[in-house]
Amino acid sequence: MRQKLVIIGNGMAPGRMLEHLFELAPDLYEITIFNAEPRVNYDRIMLSPVLSGEKTFEDIVIHGDGWYIRNGITLYKGHRITAIDRAARTVTSDQGATAAYDRLIIATGSVPFILPVPGADLKGVISYRDLDDVDAMLLAAQSRETAVVIGGGLLGLEAAAGLKARGMDVTVLHVMPSLMERQLDPAAGYLLQRSLEARGIKVMTRAKTQALLPDAQGKVRAVALQDGTEVPATLVVMAAGIRPNAALGRLAGLEVNRGIVVDAHMRSSDPSIYSLGECAEVGGQVYGLVAPLYEMARVLAGELAREVTGAEPAPFVHQDTPTKLKVTGIDLFSVGDFADGDDREEIVLRDASAGIYKRLILKDNRIIGSVLFGDTGDAAWFTDLKKKATDVTDLRDTLIFGQAYQGGAALDPTAAVAALADDAEICGCNGVCKGTIVSAITAKGLTTLEEVRAHTKASASCGSCTGLVEKVMQLTLGDRFQAQAVKPMCGCTTHSHDDVRRLIKAKQLKSIPAVMQELGWSSSGGCAKCRPALNYYLVADWPGEYEDDYQSRFINERVHANIQKDGTYSVVPRMWGGMTSAAELRAIADVVDKFAIPAVKVTGGQRIDMLGVKKEDLPAVWEDLGKAGFVSGHAYAKGLRTVKTCVGSDWCRFGTQDSTGLGIRLEKFLWGSWTPAKVKLAVSGCPRNCAEATCKDVGVICVDSGFEIHFAGAAGLDIKGTDVLGLVPSEDEAVETITALIQMYREQGHYLERIYKWAKRIGHDEVRRQIMDDRDRRRAYFDRFVQSQAFAQTDPWSERVSGKDKHEFRPMAVLGLEAAE
Amino acid sequence: MNAMTRDWIEIGLLTDIPKEGARVVKTPAGCVALFRTGEDEVFALDDRCPHKGGPLSQGIVHGRFVTCPLHNWVFDLATGLAQGADEGAVATTPARVEGGRVYLARSVLARRAADD
C-alpha cells in the first residue's frame, strides 16, 4: 500500500516540492492537500502585477485543477487544519475532514504583521498577502480615493505602485529614515523615494503610526502619526512585514522558535513531520523570498523520495538572495552585505542626471555586497563574482563600470552575458543557471522564449530576468534568434503581421486557405491567434469580395454578445451618443423581467449592459429589444463601440457646438465596421471635456472656431492622453477626417493593436501628414470606408432573429434518460 | 427520437455541425460538445474546460484542436489533452460518421450517469 502524505498548505513551496517529487518518485505516495485558501496554487510573487492590472489571476495560476486530478492529489480547498494528533497521526480541518498520514508536511507560510495600534481592526484596513487582499484593494481602488500604505519595504512599495496604477491617491508611511533599509543603503533609498515621488506617490519617512481613526460609520478615515499629523485615508494597507505562521507547529507541540524548527533536510522535531516555506526555520533563519523556498522544496522532495532514489539529497545551505523591486520602470537590485565597516572598502558610481547609482562593497578584495539603482544590467555579473568570491584586484579600476568595460571587450549588450560562466545564475527565483538554459536550447531545439520558460522555468516566475534569458537565447541561437526578431504573428508562420497584410494585397489573396497555402503556414488549419487576424485582414482588404468566415471569429463576434466567466452572455444595445428615452428604458426593463436577467449595469460608454443572459435566450432577447428599435451595440466587437458625448450646446451653458448631434452622427455613420481592435470615440462640447474625449481612440473637442480632432488616447491597460490631429471648421469635415483616420487604421493596423499603438508604431506625424496635409489621400480613405460600409452595416441581431445561424443557439440533440434505457 | 443501436446513438446529420465548428448535445449529466473539423472528422468532448469550466463548444476549431473561449487553453480533439505548457485533460467519447450521420457511443450515457 502506498504511504499517505498529507500537506497542510498549498502555496508555491509545496507546489514546487511536489513537482520535484513526481519526477523522482511518481507513485510513492498517496497525497492529500489542505488549503485554507479556496483556490489552486498560484504565483504569489505576481500579485503585484495583478494589483497594477498588468496581469490577471488566470495568468498567475501555477497548477490548475487539472494538475491535481492528473496527479491523483486530493485537494481540500477552503479547509483550515485546526488539529494535529501526532499519536494517531491524523489531521482535522475546520470543516470536519480528517485525514491520516504516514508523513506530514506543514507549509502554512506566513501571516502579515498587523501593527498593534488602536483601530487596526477598522473597516478599510487590510493586509497584503493573498488574492483576497488584492481583490479587496481593487474594490477599494474603484472609489479613486486616498490610500495609505504602512510599510516602505518591498511589499508595501509594490502595493503602493499598484494602487497608484489603479488611480488612487497613495501615501507610503515608513517608520525608518529611508525606504527598504534592509535591502538598500540610504543613497539608493533616497533615489527610490525620488522616483516614486515622480510617479505621484507620496512618501513620508520616520512616520510612526499611533492610531487609525474611524469615521461615523466605523470605517477608517485617517492615520494618526506620533508627531500629531493626520494623514487622510479611505483604505489602509498594512505591509509592515510578515511573521512565520508556525501556530500549528506550536499547537502540535513541535519545537518552534521564530518558525517551526527544522534541520537542513526539513525534518522537524517529530520524525514523521516536515516543514518548508516561510513557516520553517532552518539554521536559525526564516525566509520570505522565493529562491530559498524553492531550494527547501528541492531538499524535501529528495528527502521524501529517498527510499526510491537511495540518495541523500544535498542539505539546505543559506545563500544571500538578491532583491528586486517589481515596479514597472524602476530598476533596482541589491544583494549581500552592504553595511559600512572598518574592514570594508567600497566603490561608488553616481550619475545624478541619469538617476544611476551603483555601489560595490569589498572585503579582502572580494565583493560581499552590491546595490544598483537605475542600471541593473551588471547585476548578474556582480552576483556571480560575489558568489564565487573572485579576487577582483585586477579589475578594480574599471569594475564599477560593469562587465562590458573589462578586458577591452566591445560594448555589445550581449557581451556581458557571453562572458558569464555556465554556472552563473540567470533566474534567481528558480535557480536556473546559464548552462542549463543553453543546454536546454541545444538539446531540445527551443527557439522561443515561451519554450525556454516551459522547459527550464527561467524567467517564468517574476519575469524580471526576461532580458537576460533573451540574450542567452541570442548567443546560443545566433542568426536563428535574429530571425525571430521579426515577431511572427503566431506559431503557424514566420511572417509578421505587416508581411501578411502586405502579401494579402500584393498576391491578391482572398481566402484564409489561400493565405495559408501561399505564405507557407506550418499548421493545417491555423490557430486561435492567426485565424481571427486573417479573417479581419481579408474582410478589411476585400470588402464585398471576401465572405466573412464565421468559424474564424471569437465566440463573442459569432453570437454578438460577450461571454462571461460562467458561460452566460451579456447584451448591450446601442444608445446612439448615449441618448435614450422612456420607451427604450421601459423596453429594457421588460426584457430584464421577462428573461429574469440577473444583473443590469450602466457601462462606461453611456449605455446599458444586461448580464447573465443564457445563450439559448439570446435570439428572443434580441427580438424583444429589436421591437423597441434597438440594434446591437457591438460591445463584443473589434469594431466601433461607443461614441460618448456631453449634452453640448443644446443644454449646457458652456457648450460651443452640438456635441451630442455630432456624436450620434458619427456613431450612425461608423457602426458596423470591423477594425483591428475596438474603437471608442467621444465628443465634448467645450474644452471642459465632460465626455472625456482626450483619452479615447478618437476624440473631438468642440471650440468656437470649429472642431479639434484628437487621436491615439488610451485609458485601459495603458493610460495616455490623446494627441491633436488638427482643427477643422465644419461638422462635415470633422466626419470626413475622423472616417479617413479610422480607414487608415483599418488598412494598416495589426489585429488587436489599438489606435494608440498603431499610431506610435508608424508615427503621429505620418498620420497627420496623410490625413490633414494630403486632401486627396484623405478623400480616398474616406471613399474606401464608405464603400466597405455598404457590406458591413447590417444589424446582426435582427439577422439572427430572422433565423441566421440558428444552430448556434440550440443544442443538436437532447439525450434523455430513456436513451439509456 | 434518436435511432439507436446497441452501442451507438444517432445524433443527427454531419451537416448540422458547421465545418470547423461545434454543436452541443445535452445529456442528463451535462453537455457534450460535438466538433467537426475542416476534414469532416467528428469528435466528442465534455463541454467543460478543466481550467475554469469554459464551454469548449464555443471555442475556435483549428486543425484537430479547439481553443477554449475563456482563457485560450488548447485541447487535442482526438485525445482531450491540453497542449503546450497547460496541464489537464477533457473526457472524450467515441463518435463516428456513417452515411452522413453522426453517432455517439452509448457509453456517453452509462459513464456520465455513473460519474454523478
| note | The answer for the net charge of residues other than A:HIS63 whose Cβ lies under 15 angstrom from its Cβ, with Lys and Arg +1 and Asp and Glu -1, is -2
| field | Extension gain (nm, one decimal) between A:LYS77 and A:PHE57, 0.36 nm per residue minus Cα-Cα | value | 5.5 nm
| task | Counting other beta carbons within 10 Å of each Cβ, put A:MET176, A:MET168, A:MET17 in order, fewest first. | result | A:MET176, A:MET168, A:MET17
| note | Hull volume per residue for the stretch A:193-349, using the convex hull of the C-alpha atoms, in Å³ is 233
| request: Along Cα→Cβ, 7 Å out, is where each label goes; now give me the distance between the ones at A:ASP364 and A:GLU450 in nm to one decimal. | output: 5.0
| Estimated distance in nm for a label pair at A:GLU230 and A:VAL786, the labels positioned 7 Å out from Cα along Cα-to-Cβ | 6.5
| query | Peptide B:73-86: average number of partner chain Cβ atoms within 10 Å per residue? | reply | 2
| field | P(r) of the protein assembly as shown over all Cα-Cα pairs, binned every 20 Å from zero, in whole percent | value | 12, 37, 39, 12, 0
| task | Starting from the amide H of A:ILE242, placed 1.01 Å from N in the peptide plane, find each other amide H under 5 Å away whose residue is 5 or more places distant or on another chain. | result | A:PHE113
| task | Mind checking B:59-66 for the average number of partner chain beta-carbons within 10 Å of each residue's beta-carbon? | result | 6
| task | Going by C-beta contacts inside 10 Å, put A:ASP624, A:ASP133, B:ASP40 in order with the fewest on the left. | result | B:ASP40, A:ASP624, A:ASP133
| request: Summarise the partner chain shielding of B:40-53 as one whole number: the mean count of Cβ atoms from other chains within 10 Å of each residue's Cβ. | output: 2
| said: Using Cβ contacts closer than 10 Å as the measure, can you line up B:THR79, A:THR476 from fewest to most? | reply: B:THR79, A:THR476
| request: Please determine, in degrees from 0 to 90 and to the nearest 10, the orientation of helix A:775-792 with respect to the longest principal axis defined by the Cα atoms of chain A, where the helix direction is its Cα long axis. | output: 90
| query | What residues from the stretch A:261-282 fall in the zone where the backbone N is under 19 Å from a label point 7 Å along the Cα-to-C-beta line of A:GLN3? | reply | A:262-277
| request: Normalise the Debye intensity by I(0) for the stretch A:466-602, one equal point scatterer per Cα, no solvent, then take log10 at q = 0.09, 0.12, 0.19 Å⁻¹ and round to two decimals. | output: -0.49, -0.73, -1.06
| said: Can you tell me the orientation of helix A:12-24 relative to chain A, as the angle in degrees between its alpha-carbon axis and the longest Cα principal axis, to the nearest 10? | reply: 80
| said: Net charge around A:GLN564, counting only other residues with Cβ within less than 13 Å of its Cβ (Lys, Arg = +1; Asp, Glu = -1)? | reply: +3
| task | State the answer as a single residue: which of A:ALA87, A:THR98, A:TYR76 lies farthest towards the positive end of the charge dipole of the stretch A:70-109, with beta carbon charges of +1 for Lys and Arg and -1 for Asp and Glu, about the Cα centre. | result | A:TYR76
| said: Helix-only estimate, please: 222 nm mean residue ellipticity of chain B, summing -39500 (n - 2.57) across DSSP H runs of length 4 or more and dividing by its residues, to the nearest 500. | reply: -2000 deg cm²/dmol
| field | Spin-label proximity, A:VAL308 to the stretch A:23-49 - amide N less than 18 Å from point 7 Å beyond Cα toward beta carbon | value | A:23-33
| note | For the pair A:ASP351 and A:ALA136, the simple spin-label estimate (label points 7 Å beyond Cα toward Cβ) gives in nm 4.4
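Once you sort the root eigenvalues of the Cα gyration tensor of the stretch A:497-553 as a ≥ b ≥ c, which label holds: rounded (a/c under 1.5), prolate (a/b larger than b/c) or oblate (the other case)?
Oblate, because a/c is 1.5 or more while a/b does not exceed b/c.
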| message | Taking the Cα centre as origin and putting +1 on Lys and Arg beta-carbons and -1 on Asp and Glu beta-carbons, what dipole magnitude results for the stretch A:640-792, to the nearest 20 debye? | response | 520
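Quick check for me: using +1 on Lys/Arg Cβ and -1 on Asp/Glu Cβ, what's the dipole size of the protein assembly as shown about its Cα centre, in debye to the nearest 20?
In debye, rounded to 20, the protein assembly as shown gives about 1140.
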| task | For the stretch A:227-302, give the magnitude of the charge dipole about the Cα centre (Cβ charges: +1 Lys/Arg, -1 Asp/Glu; no others), in debye to the nearest 20. | result | 220
| remark: Measuring from the longest principal axis of the C-alpha atoms of chain A, the long axis of helix A:659-670 (C-alpha) lies at a number of degrees, nearest 10, equal to 90
| remark: In terms of the charge dipole of the protein assembly as shown, which places +1 on Lys and Arg and -1 on Asp and Glu at the beta carbon, the residue among A:ILE347, A:LEU196, A:ALA305 farthest towards the positive end is A:LEU196
| field | Net length gained if the chain between A:SER798 and A:LYS601 were fully extended (0.36 nm per residue, minus Cα distance) | value | 68.6 nm
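Around A:LEU254, with a cut-off of 12 angstrom between Cβ atoms, what is the net charge of the other residues, counting Lys and Arg +1 and Asp and Glu -1? All intermediate terms of the calculation are to be shown ahead of the outcome.
On the way: positive: A:ARG86, A:ARG250, A:ARG267; negative: A:GLU255, A:ASP270, A:GLU281.
With Lys, Arg at +1 and Asp, Glu at -1, the neighbours total 0.
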| task | Subtracting the Cα-Cα distance from 0.36 nm times the residue separation, let me have the gained length for A:ARG250 to A:ALA389 in nm, one decimal. | result | 46.1 nm
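Every number in this text was worked out from the coordinates using simple rules, so none of it is lab data. These numbers were taken from a predicted model, which means no experiment stands behind them. Cβ sites come from the backbone with ideal geometry, for glycine too, and all protein chains shown count toward neighbours.
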